[in-house]
1. Contact order normalised by length for segment 8-185, with contacts defined as Cα pairs under 8 Å and 6 or more residues apart; what percent is it?
2. What angle, in degrees between 0 and 90 and rounded to the nearest 10, separates the Cα long axis of helix 166-185 from the longest principal axis of the Cα atoms of the chain?
3. Quick one: check the C-alpha center-to-center distance for segment 136-182 versus segment 41-70, whole angstrom.
4. In whole Å, what are the extents of the chain along the principal axes defined by its C-alpha atoms, from largest to smallest?
5. Helix 144-161 versus the longest principal axis of the chain: what is the Cα-based angle in degrees, 0 to 90, to the nearest 10?
6. Under a cut-off of 28 Å between alpha-carbon atoms, report the lysines in cross-link reach of Lys77, not counting same-chain residues fewer than 8 places apart.
7. On full extension of the chain, what length is gained from Gln163 through Ser95, given 0.36 nm per residue of separation minus the C-alpha to C-alpha distance?
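A short reminder: the numbers here are calculations on the coordinates, not readings from a lab. Predicted model only: the values in this text are computed from it and were never measured.
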Amino acid sequence: MNEFPFPFFGAGEAKYYMWAEVHVRFEREPSSYQRAAIESSCPGPLQDTIDWADGRQLMVASGLFLHGALARAYPAKPGDDDYLGDDGWFYAAHSRVERFNSAIESWLAYANDHCPVMVAYRQEDGDSGGTQFSRWHEWSVTQLPRLMADLEPILAKSIATRQQTHATHMVRGIMSMARRARAKAAPTTSGGWPRL
């Protein structure tokens, strides 16, 4: 049995600059009841935008001032203070960000309990220092070959229609993460990877 319920590219301790977004592709279209349960349980800071596409694709995102939302939503550990960066931007305490990351993973597990998740994706924010990827992310990268049959048609449709969608953004992000992981592991592994 797998240790992880589904691939989550970008899992780990993410850092954020101004905003955050998470993409989820379900195995099938959730019912209206399932959608309502998934939406209402989404972490508060990600409820600024909730966008369903083609029945199976969900994108949730914060507003532009994510750190203010984190400060309102999650308590900080004693001695861990919010601060102003050198850029004059407000940053939530590290412990608030950790709680937000944990809430995202808990929410994804809850969503999966309601309707099976095929794959989830959270973009790494290089402006904030990126993400310290977890074993869940590392395992997810190894699952890419089996996901390709479902992901390639999303890109093919985007090319044919010349339209970029949330699903296209997610697939391109997953491919980029996989390329970087493969580049790091290139001396030791080369077989079994799809052409990226």
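1. After rounding, I find 34 percent.
2. Result, in degrees: 90.
3. Each part's Cα centre sits 20 Å from the other's.
4. That gives 48, 47, 39 Å along the principal axes, largest extent first.
5. Its long axis makes an angle of about 90 degrees.
6. The reachable lysines, counting only those whose Cα sits under 28 Å from Lys77, are Lys15.
7. Taking Gln163 through Ser95 to full extension adds about 20.6 nm, to one decimal.
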